[in-house]
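The values are calculated or read from the model by the stated rules, or taken from the named source; none is laboratory data. This one's a predicted model, so the numbers in the text were calculated from it and none came from an experiment. Note that we place each Cβ from the backbone using ideal geometry, even for glycine, and neighbour counts take in every protein chain shown.
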Amino acid sequence: MSEELSKAKDIVLSFLKSKKIVRMYPSNNPIYINTIEDDFKKFREFFYFRDELIFKIKQNEISYDSDAVYTNIEKEDNLALFFFKDGLRELNFKKGLTIEEIEDFLKIISLDFNRDALDDDMVTLFWERDFQNIHYVVDDAILTDEENYEEAAVASIKEKEPEQDSLMKAYEDAFQEEMVHDISIVPLSNKDLQLLLQEYERDAEDKTGKLLDILFEMIYLQQSRSELEDMAGFFVSAIEYSIGHGDIQLATDALSRFKKILDDNNEEDERKRLARKILSVAGNESVVNLLGEIMDSGQEMEEKIFEDFVRFLDKNALVPFMKILGELKSIQGRKIVIDALVVLGIKDIATLAKGLTDSRWYVVRNIIYILRKIGDKRAVDYLLKTVRHGDIRVKKEVIRALGELGGTGVLQTLRDCLEDPEIQVRSAALRALGSMRAEAPKRIIINKIADKNFKEKGFEEKKEYFEVLSQWKDEEVFNFVVGILKKRTFFRRTKTDESRACAAYSLGLLGNRDALAVLNKYRVENNKVMQEFVFSAIKRLEHGQ
Amino acid sequence: MDNREDIERFRTGKDLVNQISVVLRTSHIHDPDNVAVTTVIDKFVSTINAFISHERVVSLELRGEYFYINDYRIRYSLEYLLNFDFLLREFKKRELGSIIFKDKINADEVKVLVRALLSSSFAESSFDAIEEKMSQTRNISVGRLKKVVEDSSLDPRKMVKKTYFNAVSYARGVINRIKSGEKVNIKKAKRVVENMVDHILEEEQLLLGMTAIKDYDEYTYHHSVNVSIFSIALGQRVGLNRRTLTELGMVALFHDIGKMDIPNEILNKPSNFSASEWDIIRRHPVWGAKTLLKLKKLDPLTIKSAIVAFEHHMNYDHSGYPRVRTDLKLDFYTKIVSLADQYDAMTSSRVYSRVPLAPDKALSIMMERSNTQLDPLLMKFFVNMVGVFPIGTLVMLSTKELGLVCESNHIFPTRPRVLIIVDEKGSRVKGHVVDLTEKNEQDIYIRSILKTMDPNKYRINLAEYLL
């Protein structure tokens, strides 16, 4: 084998390897860079012998100078067939070939042309790249379904040849015809060209908005119900497309127009039906996933625009949003989705509550948060079932939610939680009761403090009880706390004094200056904690601190 | 090579071709030693030497209808059109294929070149005379114009024909596939249109010539392809790049796809349409947009195609159809496609309009519609593109010859190239082509168009002459 042929063969074989590497590695990877450089070197070595390298391509063979340099009869991984099936019959690399051209060539041949998503074939990409030093010959027969179409069409039209006489008649008549008038064509000026190019540039913006305008025109041009029904799919695609390109405002504007149709008493029922349909599917899984992609991409998303968009969606958007809530990587994205679910959740609490059974604790906690933010008491029944959740973070959130949602239904559960072995749960339950501000929770707290075992609790927990109780600034609480302050015991005095100190603290928080007289009595106490808390309470009452 | 370098090369290349043309044109009027000539020579020398210092050798070569500098095709803009065309004719007339400049050249060497070119007009073989004279210079040499490749498969006319019919066959296939609910291959459409773009850039007149033949059985498919060709050609005049021209060609190819939903009994009705039938026909833009939106997932091309399909009958002044409720500004592509559509439809024989208009008549009607139905600025470009006497116009010449316009001339729109079909004695002849810009020794045009006639009235089969 001549050295020249051997080099040509080497180049073809390197294509096979290089197209895989180019597909696998990013362009800054050393393996990628070395591959391109190696291929460039191989070409340079070949061009030492000749000024151009021409490969002829057959279905199962690539040849150089009538010698096969690659043969493969398999369908898979067949480089010859890979080129052949797009119509390529010859590849011609010229001596001036640059490393950039080799890289671009390899990038093109490394694409997966079997994917539907790719709108261009290899030849189109070669054409668009417009290589200076890579030429190719293609067989365009693959472009048509019919063989010999050209011959048949030409034959058929040539059959219509007129009689010789008609041509002669034309010649005779020509002498009778009027002379042509002076025809003046206004010559083109550069100003004309500039004006037109300016118009073209102005027109080159994204056309999705224009398409939506046309789709809205089209719904007024449809003549039957079925024609109108067709339109829903187009609108949803256009909305999806806008969002996919980060234009949420455009999608929002479209939904807003449908909302207007829906609210317009003069609109036809059919169009209202269409509007309803689109508003109900505009928040489908595909749209929401696209929004999720934007959030995770780090692209800036204007929260106001997003909020406006969500406001037009209906409850069908809940499930997709709940789905991405658990999948989003960005904290900011999750926050935005949570806000969206607060808006949407109110439209279907039952569906939203299904998120409480999610296996991921953070999703459950988020759903509880959303239910709490919505503030709909229908959520209580679902939340009560979540109190026994295995994760303490969830438990705390649900207790808080129960407290804020309130109602008699939650009292027993919160009371039970005050007995929970986990201090954090007890504390959450206590605060939840406090947030209810009703008589029943107050009673529960008073009873707990009055219980003989209360003094056994840790100091911080006791303090928290009194702190919560101080939220009810009424006489009953005042008297109850004063009672505790005055209470003296013989046994376990330290524990009792802790409760008394907390009572003093509570009196300070209650803000009733009547307590000063009592507190002053206990200014001088042996117990340092007691002394300190009494002093603080007096100070707070006297100076409002 | 980065883009910047490309742009620089393109600018300098364009200037070079322009300047050498100016040098020659000025030398036609003044002696090469006249200050008017020496000034332009000095300017040329300065430009080319700057180029030579970068490239070492500069080769200006004519291939087909285009100039190449060091293998880069020079695409010219409108401002240089006249000079480019002048130089092209000078090269062809003298069988001059290339001029090669190497090392640093000086003004005297350019004067030798100028004199060689001027004096070659009187020589038996222009090129040999130039070559001999140029042997006196060290840094400028010339090459003979290469003959068109003999290989019939590379014959531009055959390639253009093949491209045209491939496109028609593809258009036919698309409609059939959509009708039978099959998937349409857009990749193939792109290839078809890319071929048309290439031919418009290289062999515009040949491809435009294909559109002049209107008597095919399958009007719809030919019409789609013709509109695509006219649109690409017009887009090219405007200066759109290759990729944009492909996009424009694609949207134009699919502009009338909604017609496939019009029942055949209406579409093929030989008599006038009733009001209700017109109502149905007027629905095809909406149906077209819907069909295109169903064809594939939304992308910029689908969106633009649907927009053009919807708007192409709306008219510049919105007097057409469909009537819209809002102020919808027509797309740039729509305005181009509308022009192409009107021209091709008017000059074609359709089932509902058996007798087509002669190309020049169609053009004059369209000119009346400028600023109402049609965009006036684009119309101006269109007229300049197809010429006063578009391809396919039957003309009587001042020499009493009868001919068909086969190639328009964008510099002298009233002086196209004409295929003679009846000679001055009234005998039918089979086609030699004459250029109406040719002049005799007294500097008077040899032939001019005296009269135009309607080729359809005499059932002149353009295919017989142009295919």
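Residue by residue through the range B:172-188, note down the ones that are touching a residue at least 12 places away in the same chain (Cβ under 8 Å) and surrounded by fewer than 24 Cβ atoms within 10 Å (Cβ to Cβ).
Across the range B:172-188, the qualifying residues are B:Arg172, B:Ile175, B:Ile178, B:Lys179, B:Val184, B:Ile186, B:Lys188.
Mind counting the residues in the range B:428-457 that are within 14 Å of chain A (Cβ to nearest Cβ) and out of contact with any Lys or Arg (no Cβ under 6 Å at 6 or more places or on another chain)?
Adding up the residues that qualify gives 15.
Which fully enclosed helices (runs of 4 or more DSSP H) of the range A:451-545 have 1 or more residues being of a type in the set (A, V, I, L, M) and closer than 24 Å to A:Ala429 by Cα?
The helices (runs of 4 or more DSSP H) meeting that bar are A:459-469, A:475-486, A:493-510.
Look at B:Glu202 and say whether it is in a helix (DSSP H, G or I), charged (D, E, K, R), closer than 24 Å to A:Leu195 by Cβ and more than 8 Å from chain A (Cβ to nearest Cβ).
Spelling it out, it is not the case that B:Glu202 is in a helix (DSSP H, G or I), charged (D, E, K, R), closer than 24 Å to A:Leu195 by Cβ and more than 8 Å from chain A (Cβ to nearest Cβ).
Just name the residue that is nearest to A:Asp253 (Cα to Cα) out of those in the range A:183-217 that are over 31 Å from the mean Cα position of the chain (by Cα) and more than 7 Å from chain B (Cβ to nearest Cβ).
A:Glu201
Just wondering, is there one or more residues in the range B:403-418 that are without any contact (Cβ under 8 Å) to a residue 24 or more places away in the chain, touching a Lys or Arg at 6+ places or on another chain (Cβ under 9 Å) and either within 12 Å of chain A (Cβ to nearest Cβ) or in a loop (DSSP other than H, G, I, E, B) (or both)?
Within the range B:403-418, not a single residue is without any contact (Cβ under 8 Å) to a residue 24 or more places away in the chain, touching a Lys or Arg at 6+ places or on another chain (Cβ under 9 Å) and either within 12 Å of chain A (Cβ to nearest Cβ) or in a loop (DSSP other than H, G, I, E, B) (or both).
Examine the range A:505-515 for a residue that is charged (D, E, K, R) and either more than 21 Å from A:Glu475 (Cα to Cα) or touching a strand residue (DSSP E or B) at 6+ places or on another chain (Cβ under 8 Å) (or both), and state whether such a residue exists.
The answer is no; no qualifying residue exists.
Condition check: farther than 14 Å from B:Leu88 by Cβ and in contact (Cβ under 8 Å) with a residue 24 or more places away in the chain. Does B:Phe51 satisfy that?
Considered against the rule, which asks whether it is farther than 14 Å from B:Leu88 by Cβ and in contact (Cβ under 8 Å) with a residue 24 or more places away in the chain, B:Phe51 comes out as yes.
Give me the residue from the range B:384-402 that is surrounded by fewer than 23 Cβ atoms within 10 Å (Cβ to Cβ) and either within 8 Å of chain A (Cβ to nearest Cβ) or hydroxyl-bearing (Ser, Thr, Tyr) (or both) and, out of that set, nearest to B:Glu311 (Cα to Cα).
Among them, the one singled out is B:Asn384.
Take A:Leu250 and tell me if it is closer than 28 Å to B:Leu240 by Cβ, modelled with pLDDT of 95 or more and surrounded by 15 or more Cβ atoms within 10 Å (Cβ to Cβ).
yes
Need at least 2 residues that are crowded, with 23+ Cβ neighbours inside 10 Å and more than 8 Å from chain A (Cβ to nearest Cβ) per element, so show me which helices (runs of 4 or more DSSP H) inside the range B:220-328 make the cut, counting only ones lying wholly within it.
B:242-253, B:284-295, B:300-311
Which condition from (1) in contact with a Cys (Cβ under 9 Å, 6 or more places away or on another chain); (2) at pLDDT 85 or above; (3) within 14 Å of chain A (Cβ to nearest Cβ) is the one that B:Leu466 breaks?
B:Leu466 satisfies all of (1) in contact with a Cys (Cβ under 9 Å, 6 or more places away or on another chain); (2) at pLDDT 85 or above; (3) within 14 Å of chain A (Cβ to nearest Cβ) except (2).
If a residue must be over 17 Å from B:Leu248 (Cα atoms), more than 17 Å from the chain's Cα centre (by Cα) and of a type in the set (D, E, K, R), how many such residues does the range B:169-227 contain?
9
State which residue is nearest to the other protein chains (Cβ to nearest Cβ) when the search covers only the range A:130-144 and only residues that are in a helix (DSSP H, G or I) and hydrophobic (A, V, I, L, M, F, W, C).
Going through the qualifying residues, I end up with A:Leu143.
Looking only at the range A:196-206, decide whether some residue is part of a helix (DSSP H, G or I), touching a Leu at 6+ places or on another chain (Cβ under 9 Å) and in the same structural domain as A:Asp348 (by TED's automatic domain parsing).
The answer is no; no qualifying residue exists.
Determine which member of the set A:Glu74, A:Glu151, A:Glu147 is free of Cβ contacts under 8 Å to residues at least 24 places away in the same chain, assigned to a loop (DSSP other than H, G, I, E, B) and either closer than 20 Å to B:Val160 by Cβ or not assigned by TED's automatic domain parsing to the domain that holds A:Asn34 (or both).
On inspection, the qualifying residue turns out to be A:Glu147.
Suppose we keep only residues that are in a helix (DSSP H, G or I), closer than 18 Å to A:Asp120 by Cβ and β-branched (Val, Ile, Thr) within the range B:154-189. Which one would you say is nearest to the other protein chains (Cβ to nearest Cβ)?
B:Ile186
Quick one: which of B:Gly431, B:Gly426 is at pLDDT below 85 and assigned to a loop (DSSP other than H, G, I, E, B)?
After ruling out the rest, the residue left standing is B:Gly431.
List every residue pair whose Cβ atoms lie under 7 Å apart, where the two residues are 6 or more positions apart in sequence or sit on different chains, the first residue falls within the range A:32-53 and is closer than 13 Å to A:Leu97 by Cβ, and the second residue, located anywhere, is loosely packed, with under 14 Cβ neighbours inside 10 Å and of a type in the set (Val, Ile, Thr).
none
Identify all residues within the range A:240-266 that are away from every other protein chain (no Cβ under 13 Å) and more than 23 Å from the chain's Cα centre (by Cα); write none if there are none.
A:Phe258, A:Lys259, A:Lys260, A:Leu262, A:Asp263, A:Asp264, A:Asn265, A:Asn266
Report yes if A:Ile99 is buried (at least 16 other Cβ atoms within 10 Å of the Cβ) and aliphatic (A, V, I, L, M), otherwise no.
For A:Ile99, the condition - buried (at least 16 other Cβ atoms within 10 Å of the Cβ) and aliphatic (A, V, I, L, M) - is not met.
Could you say which residue among B:Val433, B:Val405 is assigned by TED's automatic domain parsing to the domain that holds B:Ile460 and surrounded by fewer than 22 Cβ atoms within 10 Å (Cβ to Cβ)?
Of B:Val433, B:Val405, the one residue that is assigned by TED's automatic domain parsing to the domain that holds B:Ile460 and surrounded by fewer than 22 Cβ atoms within 10 Å (Cβ to Cβ) is B:Val433.
Is there a residue being at pLDDT below 95, of a type in the set (Asp, Glu), over 13 Å from the mean Cα position of the chain (by Cα) and in the same structural domain as A:Pro320 (by TED's automatic domain parsing) anywhere in the range A:274-296?
no
Can you tell me how many residues in the range A:83-122 are facing another protein chain (nearest Cβ under 10 Å), touching a residue at least 12 places away in the same chain (Cβ under 8 Å) and within 35 Å of the chain's Cα centre (by Cα)?
3
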